[in-house]
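Written out below as structure tokens is the structure these notes cover.
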Amino acid sequence: MITGTIQREGWKDIGDGGSVGDLTGQPAFKEDRPTERTLIQQLEGPSDWADRYGSRIRGYVHPPATGTYLFWLASDDQGELWLSTDEDPKNKKKIASLHEWTAPREYTKHATQQSLPIELKAGRRYYIEVLHKDGIGGDHVSVKWKLPSGTEETPIPGHRLSPFVPPK
């Protein structure tokens, strides 16, 4: 069910490092204890939210048409974009990443920001996850995609998203 939102989690005060490993190595991350959990209305985190934090945006993307999609990631500092072959997070694969910052919505600075073409089916939902780590200074993270029709949605809008529901 599409709800128009996706879940964003933030972990504050986890060090100056800007690598995603600085987030995923934190005990609070491993134990799923974020500082904050909110719902956002597009696949884009807030800008200038804090320093020395990490975030995870996760939920489901609902393709409007069957066909080939491309995804792009922009972030400051490092980021990773993961997509599952279905709705199960266990089947996720990294499809794009950044090892240094970009400007907000700057999707073409590094080749690794863009996914390879990915076949998706309309009427299905796919687990999607964005990991982001900020050191100090500006911060942002966003994801856009290109639909089979050639239309780009920057960032992916809420009417294509729904929040993460933990498996039972």
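The numbers here are math on the coordinates, done by the rules we state, and not lab data. For clarity, every value in this text was computed on a predicted model and none was experimentally measured. Quick reminder, even Gly has a Cβ in these numbers, built from the backbone with ideal geometry, and neighbours come from all protein chains shown.
For the chain, the calculated P(r), taken from all Cα-Cα distances in 5 Å bins from zero up to the bin holding the longest distance, is 2, 10, 19, 24, 22, 14, 7, 2, 0 percent.
Any aspartates and glutamates with Cα under 17 Å of the Lys92 Cα? List them, leaving off those in the same chain fewer than 8 positions away. Straight-distance partners of Lys92: Glu80, Glu119, Glu129. Figure legend: label point modelled 7 angstrom from the Cα of Ala111 along Cα→Cβ; residues of segment 60-76 with amide N under 17 Å from it are 71-73. Once the Cβ-Cβ distance of Asp86 and Ser19 is raised to the sixth power relative to R0 = 25 Å, the FRET efficiency obtained is 0.30. Among the listed pairs Lys30/Lys121; Lys30/Lys93; Lys94/Lys146; Lys12/Lys93; Lys109/Lys133, which have their C-alpha atoms separated by more than 24 angstrom in this model? As for pairs spanning more than 24 Å Cα to Cα, those are Lys30/Lys121; Lys12/Lys93.
Rg over Rh for segment 1-95 works out to 0.96, both radii taken from alpha-carbon positions and Rh defined as the Kirkwood radius. Length available on full extension from His99 to Ser47: 0.36 nm per residue minus the Cα-Cα distance, which gives 16.9 nm.
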